[in-house]
Amino acid sequence: MGTNNTNGYAVTVEGLTKRFGSFVAVDNMSFNVKRGEVFGFLGPNGAGKSTTIRMLCGLLDPTAGSAVVGGYQVGKESDLVKANIGYMSQRFSLYEDLTVEQNINFYGGVYGLEGARLRERKEWAVLMAGLRGKEAMLTHNLSGGWKQRLALGCAILHEPSIVFLDEPTGGVDPVSRRNFWDLIYTLSHSGITVFVTTHYMDEAEHCNTIGFIYSGKLIALGSPTELKHRLDRYQIYEVQCEKPVDAMELLQQQSWVRETSIFGSSFHVSTGESEEAKPNIRRVLERGRMTAERIDRIVPSLEDVFIHLIAEVDQGAGKT
Amino acid sequence: MTLNILPIVKKEFRQIRRDKRALGILIFLPAFMLLLVGYALNFDVKHLKLAVYDEDRSSRSRELVASMTQSDYFGLALALDSKAQIDRVLENGDAHLALVIPSDFSRKLDSGNEATVQVIIDGSNSNSATTAGGYMAQAILAYSTRVQAEWLEQRGRAFTIPLDIRPRLLYNPELKTAKYLVPGLFGLILMIATVISTSLSIVREKEMGTMEQLKTSPLRAEEIIIGKTIPYLIIALFSSTLVLILGWLLFDVSVRGDLLLLYSAILLFLIAGLAQGMLISSVAETQQVAYLMSVFSSLLPAFLLSGFIFPIQSMPVALQVFSNLMATKFFLSILRSIILKGVGFEAVWEQFVYLIIFAVVVLGISSARLKKELSR
């Protein structure tokens with residue numbers, strides 16, 4: 001750990017801002033990441049997730065604000081930051097025309113590993129990626145899941161204290177995604193801080209802390225449970241009926257309905273009242289000559305939370 | 001601080017070795033170009049097919065034809081029976097040129113009068129037509145000199161030619177095209193190995209996303225740059241040596257000058273080329289763009305404006321001025337001087353100074369640009 005006082009945090013971010021011309025990609029963002037936790041960075045595409053992660057890894061200079069990563073100042077102590085982090089992007093960044101072992105050797109050399117340490121870490125990476133016996137295979141011929149695990153292995157060959165994963169499960173099958181998250185937990189249990197961006201809600205549930213960002217701003221921060229409690233004052237119902245889009249439109253016109261959003265073949269309705277709203281929903285639908293096949297009060301999911309948060313931000317923006 | 005360049009150098013060699021196409025471009029293309037240029041690109045005009053329509057059919061006219069066909073330049077392809085045949089044989093390519101000897105040829109010559117012959121040349125290939133016309137004029141002049149000498153001698157008078165030209169050709173006495181072109185080929189080959197290969201290899205990493213990975217690693221920009229250029233420098237030196245050896249074995253082009261001086265010129269030129277490749281890779285985002293930029297900025301000018309084939313002196317002034325921006329022009333002039341003439345440093349120092357300036361300037365701009373991009 002570096003010389004900066006970070007109070008046990010692996011990453012501290014203060015007023016971090018990135019502008020590209022007049023476009024503000026990251027807007028005055030501040031948050032902390034505890035050592036050894038899995039910190040999930042969530043948000044729709046273009047919200048500024050990658051821009052933030054790229055600033056924290058020293059790939060981009062911030063326009064304003066500061067960040068301390070692993071105890072070192074981003075921008076001022078770039079070399080030290082880089083030596084203490086691992087970075088893996090969705091593109092996996094492997095040399096497809098080299099073999100598994102040659103890729104590991106290369107990244108080992110880049111991070112200055114040699115001799116016994118390189119051998120030991122190579123052994124570890126091959127085991128971790130499940131590539132034993134495939135060391136001489138061309139990386140090009142590996143399936144997505146394998147490439148993903150090999151890329152992770154290469155990114156943390158030098159045992160960094162923090163690893164940044166930028167949408168690491170993009171374009172990988174569900175089983176590989178599951179396995180990959182098991183790996184992330186293993187890393188976290190061994191004390192490595194994992195900073196991961198994703199737009200999969202089920203992945204977000206696996207994180208210790210979630211930062212939700214929307215149009216460059218951090219709009220919520222907390223554990224999945226904490227975030228769900230934000231909707232305690234509201235009730236969420238899942239409604240199954242024939243014409244969900246028409247039904248949603250109709251319900252949206254009611255003053256007691258806060259939000260409606262589609263979830264597969266059904267939709268969710270959140271109400272601001274604490275009293276039971278089932279009969280009200282049924283009545284509105286019947287007036288519109290629609291019959292609900294099913295109306296269930298449900299425990300809110302993270303997705304409900306985020307839809308709620310985004311609606312709040314958009315309404316706020318509409319008012320001003 | 002020590003530079004950590006070995007991992008990249010090793011990786012680069014492994015990738016080149018696996019990429020058969022790159023290997024072919026770097027090593028076999030130069031050798032192939034040498035063979036192609038050496039054997040096919042030949043400006044020597046020899047064994048022109050001559051058609052003769054001899055209306056005179058005298059010993060004089062036969063003497064004139066014989067004086068021509070005895071040389072390597074002409075071969076008697078056809079003896080024609082009518083003037084009408086001339087067009088046909090030129091049209092279908094049976095002859096390159098036709099000689100018409102009128103029926104009064106020997107009568108006029110023997111009576112001391114001026115005789116005329118007609119030469120018709122296929123001008124569709126302007127280069128060989130010009131040369132053929134020149135050879136023909138020389139042959140006819142030589143024959144008429146002989147006739148005049150005979151005529152004077154018969155009258156007991158001595159014959160002297162007021163001006164006797166005896167040119168002596170230095171450095172390439174047989175005027176072999178290959179000897180002229182082989183040194184020039186270096187410029188092209190080294191451009192391919194440096195500008196194109198370097199820019200492609202850096203831009204490929206940008207495209208694949210591996211450059212981003214390297215940027216988040218502790219590797220410094222200069223380590224990435226040097227690590228990525230050294231392999232191409234080594235390969236380019238190797239393929240230059242191959243071209244030198246092949247040129248010597250196949251075309252008898254041996255280096256007359258100092259090898260050390262030659263290799264220092266090559267090294268300087270390589271550095272300039274690598275720098276140019278780096279400059280392109282700091283601008284281009286895709287391999288396609290990098291390739292096009294490399295070809296247009298290096299290969300084409302090297303081919304057209306360096307004096308490799310087309311003499312710079314006969315270009316329009318604007319192009320002549322522009323050609324001074326081409327490092328290849330100065331490099332070729334050094335190469336020809338060292339390889340063919342065997343001159344020392346004192347004869348080529350000006351070109352060396354220019355090459356050094358060129359290399360330093362381009363290297364300065366490109367490493368500053370690339371460093372800025374890579375250390376972000």
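The values are calculated or read from the model by the stated rules, or taken from the named source; none is laboratory data. This is a predicted model, so every value here is computed, not measured. All Cβ positions, even for glycine, are placed from backbone atoms using ideal geometry, and neighbour counts span all protein chains on display.
Could you go through segment B:316-336 and let me know if any residue there is without any contact (Cβ under 8 Å) to a residue 60 or more places away in the chain and among the β-branched types (Val, Ile, Thr). Among the residues of segment B:316-336, at least one is without any contact (Cβ under 8 Å) to a residue 60 or more places away in the chain and among the β-branched types (Val, Ile, Thr), which makes the answer yes. Could you tell me whether A:VAL245 is hydrophobic (A, V, I, L, M, F, W, C), at pLDDT below 85 and exposed (fewer than 13 other Cβ atoms within 10 Å of the Cβ)? No, not satisfied. Here is the figure for segment A:54-76: residues that are within 17 Å of B:LEU214 (Cα to Cα), touching a residue at least 40 places away in the same chain (Cβ under 8 Å) and in a loop (DSSP other than H, G, I, E, B) total 2.
For segment A:46-53, the count of residues that are under 16 Å from A:PHE195 (Cα atoms) and in a loop (DSSP other than H, G, I, E, B) is nonzero. For segment B:198-231, a residue qualifies if it is farther than 27 Å from A:GLY86 by Cβ and crowded, with 24+ Cβ neighbours inside 10 Å, and the qualifying residues are B:THR198, B:SER199, B:THR229. Residues of segment B:214-236 that are at the interface with chain A (Cβ under 8 Å from one of its Cβ atoms) and closer than 16 Å to A:SER93 by Cβ: B:LEU214, B:LYS215, B:THR216, B:SER217, B:PRO218, B:LEU219.
Count of segment A:57-106 residues, restricted to those that are more than 7 Å from chain B (Cβ to nearest Cβ), more than 21 Å from A:ARG119 (Cα to Cα) and of a type in the set (A, V, I, L, M), is 8. Of note, B:PRO30 satisfies the criterion of being touching a Ser or Thr at 6+ places or on another chain (Cβ under 8 Å) and either assigned by TED's automatic domain parsing to the domain that holds B:MET191 or in a helix (DSSP H, G or I) (or both).
For segment A:110-146, which positions are within 26 Å of A:GLU37 (Cα to Cα) and within 12 Å of another protein chain (Cβ to nearest Cβ)? Matches in segment A:110-146: A:TYR111 only.
Quick check on A:GLN252: is it more than 13 Å from A:ARG297 (Cα to Cα) and not charged (D, E, K, R)? In short, yes. In summary, helices (runs of 4 or more DSSP H) completely within segment B:134-242 and bearing 1 or more residues that are assigned by TED's automatic domain parsing to the domain that holds B:PHE13, over 30 Å from B:PHE330 (Cα atoms) and modelled with pLDDT of 90 or more occur at B:197-208, B:210-215. Residues that are part of a loop (DSSP other than H, G, I, E, B), under 25 Å from B:GLU205 (Cβ atoms) and hydrophobic (A, V, I, L, M, F, W, C) within segment B:244-293 comprise just one, B:ALA284.
For segment B:33-68, what are the residues that are more than 36 Å from the chain's Cα centre (by Cα), part of a helix (DSSP H, G or I), over 16 Å from B:ALA98 (Cα atoms) and not basic (Lys, Arg)? Residues satisfying the conditions are B:SER59, B:GLU63. Remark: A:GLU159 falls outside the filter, which requires a residue to be on the phi > 0 side of the Ramachandran plot and either in contact with a Ser or Thr (Cβ under 7 Å, 6 or more places away or on another chain) or within 11 Å of another protein chain (Cβ to nearest Cβ) (or both).
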